[in-house]
Each structure stands twice: as structure tokens, then as C-alpha cells.
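Right, one structure below, let's go through it.
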Amino acid sequence: MVDTDVQSRIHELRELINRYNHEYHVLQQPTIPDAEWDRLFHELKRLEDENPDFITADSPTQTVGAAPSEAFEQVRHEAPMLSLSNVFSREGLNEWIARVRRFAGRDELEFTVEPKIDGVAASLVYRNGVFDRGATRGDGMVGENVTANMRTIRDLPRTLTSPNGPIPEVLEVRGEVYMRRSEFDLMNEAREEAALPRFANPRNAASGALRQLDARITAERPLRIFAYGIGMVVGQIPFKHSDTLALIRALGVPTPPDTGVYSDADELWAACEAWLEWRADLDYEIDGVVIKVNDTRLYPEIGTVAREPRWATAFKFPASQGVTVIEDIEINVGRTGSLNPLAHLKPVEIGGVTIRRATLHNQDEIRRLAVKIGDTVVVERAGDVIPKIVSVVEENRTGDEHDFIWPEHCPVCGSTVERVEGEALSYCVNASCPAQLREQISHFVSRGAMDIEGLGTKLARRFVDDGLIRSFADIYRLNWEPIVEMEGLGEKSVENLKRSIENSKQRPLARLLFGLGIRHVGQQTADLIAAHFGSTDAIAKATQDEIAAVPGVGKVIAQSLSDWNAEERNQLLLNDLKQLGLRTEIDESERQSTTPTEWTGLTVVLTGRLETLSRGDAEGLLKKAGARTSSSVSRKTDLVIVGDDAGSKADKARDYGVETIDEQEFLRRMKMDTD
DNA sequence: AAACCTCGAGCTCC
DNA sequence: CTCGAGGTTT
């Protein structure tokens, strides 16, 4: 980059950041996510660091936050409210630790780790134990007096209670005003019902609520506070930060949970990572952890640079939000005929992953977000996996966006689209819609169903598109002539395919039933029904009431199955399948052993990758032994078998106090039992 | 209300 | 493999 480019980019960044600062601090209507702001800010910081000549005093990097607005009385913080330096990696953290050790002049140091709550920084002054003044941070030196608003915060004590010893004459508690996710969601639901706009996220909502001119409005918002330290103090306080936190807690001001003290760098890092793992399950948002030197007596020694103390830093978690553009919205037709809108995004990297697609779920979701094609949107990778469109950045609209019109006809076959009153999804009414057929066939051949090796999703679709397969039965009476001619299919693979189709005829009734793709009849329900009725003939004859009488099967499933039964072509299909030699009855080997074992009646959940067994085999073993397998952990789960790379389920099990065992232990118990 | 299930995602690793 | 929305069942 040549100098002029750098200079103009710096200029551009400053303008952008200043504008966003204004929107954030003064208008309180941020138009970009914090992560995006951080990105811009760091780009600017980096460019300035590399080109110190271009730094000017008015650059946003040289000031902390924006000037307070005129609406509130200004208050000067007796002790400035500092901001924090950031580290983003273990290396960064190690460098910070090394620096601190150098300035402290010793290697033996204690550090505290506490969550960095994503809220609004606030200062609370207590005089003789009575809440006297509340203020925002402002620019760090001067903030706004929001005492009246703070009095409405439910977990902020008006008076401090001291169980032991005197309360300091003057005590300035510093903390973060925030909203719990759950309460934020409730508030948004209520606002929606009242036809009020939703808030984008808990932090913006908290910031807005705290700066309401009418405290009665603040009182209606679910604000809470976590204290993380103290500012000015007249009187005695402990010299260790961890003890100060304990004192604050004892005085009645809430502090974040699980703050820990570590002297070992590895343990410190582990604590940071632990918070990263807990992050998704917390009822409040955190954007990192704060690490502080525990001994406050060392602070003067270690010092402060600019407005950042050197004795504390923030380990910022990787961004979980990003901004991108919706290039198109596509409608997919699922196996059940449901219309599923899928947003095509301009690829964007979030937390080290490139996101290109995101589901919009249904019509209501599109309406709720009020998204248009071409819109700039905030995308979040929540809970680590599924990307989600959070909100539209309306300010970025140019007028070139256009509404997405929900189709009245199936985009694949042109049939009418129907949405039952009270249901979220719309369906294509055409039962033989090619899109549905394609999905149905690939479901039928899939692993959980008939498990036809060599006939995967791709090939199944090809056969459907070429008209070779029009129903499940066609799979078993394929015309092989055109197939052997097909590109990419050699002699060998055709032989293998023939054999695995033949083998699949031996799949148990439950799998066949599941493969049929009857609405609401998934793996579990198929098991129940197959075990109860024992044959396709019995199922076909069963009345709706008889079906509903099966434990675990209710009205809706019974209705769905009996509707399916009532279709003549389905009866013909069952006949065909029977003629073609598929198993339409259960046999003894499918029945579970009758002698009760230690497994009988247990609810077991499998998670992660097992080494010696496939998941299906493990489930089969468990079922035979009389246990039930479930897909999610709840308080009622008896046992969780944890494999490699287990995810949230293992954590949840620990939360609930459910017993967890590894594969070795599982095999051992299994063995003992079958002997 | 809680537990569980279905179904359609999207990503990663193979 | 896992998640999450939208369901159903108890």
C-alpha cells in the first residue's frame, strides 16, 4: 500500500468510527454489531501503529468513547474509569503475562479471571452505605448522572449490608449494567405484542434503558448489575482484588459467578477457555474474560499506559457475529413438502468459519426480520454451529433491495401451496411433487432407513430425475439397461449396487416404516409402531384409535398415519413391497430380551464418536438390552455414553448430575450383562 | 410445563 | 454430528 492509500483508508476509517460512535453513544441506535466496530477500530489502530506520522489528536484511537450527551447532568469520576487492553490468543496472553511480570519485578503473581459481561459500564457511589449516585462511564473522565434510573435496577441494593466490620465511608462500586437473555427475550416478546420495535440485543437494550430521561420507562426494563471492582474509596478495603470482590458480594451487590484466582499460566489459560465453553449456556452475554493482577498493591508499580492499565487485560473471544449481504432467498421443498426459505449470503467469516447460507426457517421469520433481498444483515453463529440471521441493518438500505414474495405455488411443480391455520410451515399440496419424490427416495435409501450402500443421495436423485424411479418399489425393480450405460457407473459399482439393494430387503420393519417418510413418524415412532403391530398388514388394518392407543403415540401421529393408510396408492405400495420380498413383519430377533437386565428401562444418550462401535450398533445393543436411547440429555436421562469430541451433551449431563461413562466402561458393562 | 421427537438445516472431516 | 425451531406427548 502506498502512503496516500494508507492515508485515505485511515481517513475513511476515522469517519466511519466517528459516525458509529455517535450512533452508539449519543443516538443509542447502533447500526453495526460491536464486533464490526472492533474490527474497524483495530484496522485503524494497526494502520496508525505502522504509520505513526499519520496519528492525529482527534483520531478515535486517541479518545475513549464519545462525549456525553447534554441530556444528563455531567459527573466527573474521582478516579477515571479506564478501558482495557485486549488480547486475542494464548500468545497474546502470554506476552501480557510476561510484560506484567517484568513491570512488577517478579515472576510469582496471582491473577484473577472473571467474565467480561457485555453491558454498560457504570459507577455506583455509596455514602455511609447508602446508594447516593449512579453514573455512566462516558468518556472515562466525565459521565452522566443516571441515579434515578439506577434506582430502578432490581438487584442493586439501596443500602449496603455489612455482616462483619464497618462499611467504608465512601465506596464507589464499578460494574456492568446488563440484561439477562431470558428477560430480554420476554421483554421483546411483550414489545412485539404491543406493536413496538424489538431491541437488537441485550446490550443495546440495556444501554438505551439506562439512559432514558423518564425513569419510569427504565423501571419497566429488566436491568441487572454485576459489580467487578471499586473506584474511589474512603475507608479500608482489602488489598487483593479477589477479596474486594468477596467484600462487594458480602455487602449485597451481585458479582459475576465463578471468578477464580490462578498463579499458573496454564491454569489461567484453562480458566479462559472454560468461559469460552460456558459462553453459549450463560443467561447473559459475555464477549471475553478479564484478567487482573490480584495484588492491588502492585498496581502503581506495574502502571497504566494511556488510559489502559497494564495490570489488567481482556481476553476477547472470537467474534460470533458478522455483517454480510443477502444475495438471494431460495425456497427448498423438503421431503414432507414443506417450503424452507434459505438465504444465500455473501460469504462472510465468523469465528474462523466461512458462512454462505443461513436458514430463514419460515414465512413468519422473514416477516419478523423484515428482510429484503439485497439487505445488509447481522449474522450470528450462536452455540457454535448453526448460523442465524439476527437483524437487518436498515441504515444500509439503498433502495435497490426488493421484497421477497412468499410463493403461492410450489417453485418446483407449480402446485398450490397451503399453510394450515396455526402452523408455521407451508406445504406443497402435490404428493408426487418431483422435489418431494427426490427427497423421499434419498430418505428411503439413507442410513437410518433402508441403508442401501452405493445408492446415495446423488445417485438417488439422478435416478428420479431420469424417471427410473417413481416410487419406493421401483428401487427393487430397476431397469438396469440404461443404468449400466450411465457415466461414472462401472461394471463393478453396478454389481455392488444390485447386491446392496438386494440386501436391503432384509431391513427390519421399523426401518421400512421410517423410510416411508410418513409425517411425524420418525425413527422412534416407527420403532414403537412396528413393535406394537408387528406387520404392515396389521398397521394397514389399524384404526386411528388403535394407533393412538400405542404408548408414545398420540392423536396427531395417529391421524397422520391413518391418513397415509387411507390413500389407496399407499396400500398398493405396501403390497408391491411385500411381493418384491421386503420384510413386512417383525421377527423374534427384533424383540428385546425378556429377562430384565441392569439396562432395562434406562434412558441412555450417546454423544461423540465411538471407537469400536458405530452409533447405530451401539443403539442396537442398548435396545436389545432393554434400554431406550434418546437424542437429548434431560434430567430424566439415566446415563450418557461419551465418545471422542463430545459436545454440549456431555456438559449438560454434568450440569444435571447425570452419570457419564466412556466407551470402555460401556463395553465392559455390556459384556458383563450379556454373559 | 417438561421431556422428547421430527425434520431440515450447515459445517467439518473423511 | 450437532443445532434449533416447531412440534407432540405425557
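The values are calculated or read from the model by the stated rules, or taken from the named source; none is laboratory data. What you see is a predicted model; the values in this text were computed from it and never measured. Heads up, the Cβs are rebuilt from the backbone with ideal geometry, glycines too, and the neighbour counts pull from every protein chain shown. Areas reflect the complete protein model, heavy atoms only, side chains present, ligands, DNA and RNA absent. Shrake-Rupley method; radii C 1.70, N 1.55, O 1.52, S 1.80 Å.
Okay, here's what the table says:
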read-out	value
Residues that are in contact with a Lys or Arg (Cβ under 6 Å, 6 or more places away or on another chain) and either more than 15 Å from DNA strand C (Cβ to nearest atom) or more than 22 Å from A:His443 (Cβ to Cβ) (or both), drawn from segment A:517-568	A:Gly517, A:Ala548
Among the residues listed as A:Val120, A:Val130, A:Val100, the single one being surrounded by fewer than 15 Cβ atoms within 10 Å (Cβ to Cβ) and of a type in the set (Val, Ile, Thr)	A:Val130
Some residue of segment A:587-598 being at pLDDT 75 or above and out of contact with any helix residue (DSSP H, G or I) (no Cβ under 7 Å at 6 or more places or on another chain)	yes
From A:Val521, A:Val550, A:Val556, residue being closer than 22 Å to A:Arg335 by Cβ, assigned to a loop (DSSP other than H, G, I, E, B) and either assigned by TED's automatic domain parsing to the domain that holds A:Ala449 or charged (D, E, K, R) (or both)	A:Val521
Which numbered condition A:Thr359 misses (of (1) within 12 Å of DNA strand B (Cβ to nearest atom); (2) more than 26 Å from A:Pro318 (Cα to Cα))	(2)
Single residue of A:Val393, A:Val417, A:Val379, A:Val348 found to be β-branched (Val, Ile, Thr) and in contact with a Cys (Cβ under 8 Å, 6 or more places away or on another chain)	A:Val417
From the options A:Leu574, A:Leu561, A:Leu622, residue that is more than 16 Å from DNA strand B (Cβ to nearest atom), buried (at least 18 other Cβ atoms within 10 Å of the Cβ) and either under 20 Å from A:Gly522 (Cα atoms) or modelled with pLDDT of 95 or more (or both)	A:Leu574
Subset of segment A:388-413 (residues that are in a loop (DSSP other than H, G, I, E, B) and surrounded by 12 or more Cβ atoms within 10 Å (Cβ to Cβ))	A:Val393, A:Arg397, A:Glu401, A:Phe404, A:Trp406, A:Pro407, A:Cys410, A:Pro411, A:Val412, A:Cys413
Pair list, Cβ < 7 Å and 6+ apart or interchain, from segment A:534-563 residues that are closer than 20 Å to A:Thr584 by Cβ and free of Cβ contacts under 8 Å to residues at least 24 places away in the same chain to residues that are within 12 Å of DNA strand C (Cβ to nearest atom) and not β-branched (Val, Ile, Thr)	A:Ile547/A:Ala558; A:Ile547/A:Leu561; A:Ile547/A:Ser562; A:Val550/A:Leu528; A:Val550/A:His532; A:Ser562/A:Gln544
Segment A:364-381, subset in a helix (DSSP H, G or I) and either open to solvent by 40 Å² or more (accessible area, probe 1.4 Å) or away from DNA strand C (no atom under 11 Å from the Cβ) (or both), residue nearest to A:Gln321 (Cα to Cα)	A:Leu369
Test: residue in segment A:362-378 that is more than 23 Å from A:Ile331 (Cβ to Cβ) and within 11 Å of DNA strand B (Cβ to nearest atom)	no
Hits in segment A:338-363 (condition: more than 13 Å from DNA strand C (Cβ to nearest atom), at pLDDT 90 or above and small (Gly, Ala, Ser))	A:Ala343
Residue check, A:Gly143 at pLDDT below 85, in contact with a Pro (Cβ under 8 Å, 6 or more places away or on another chain) and crowded, with 23+ Cβ neighbours inside 10 Å	yes
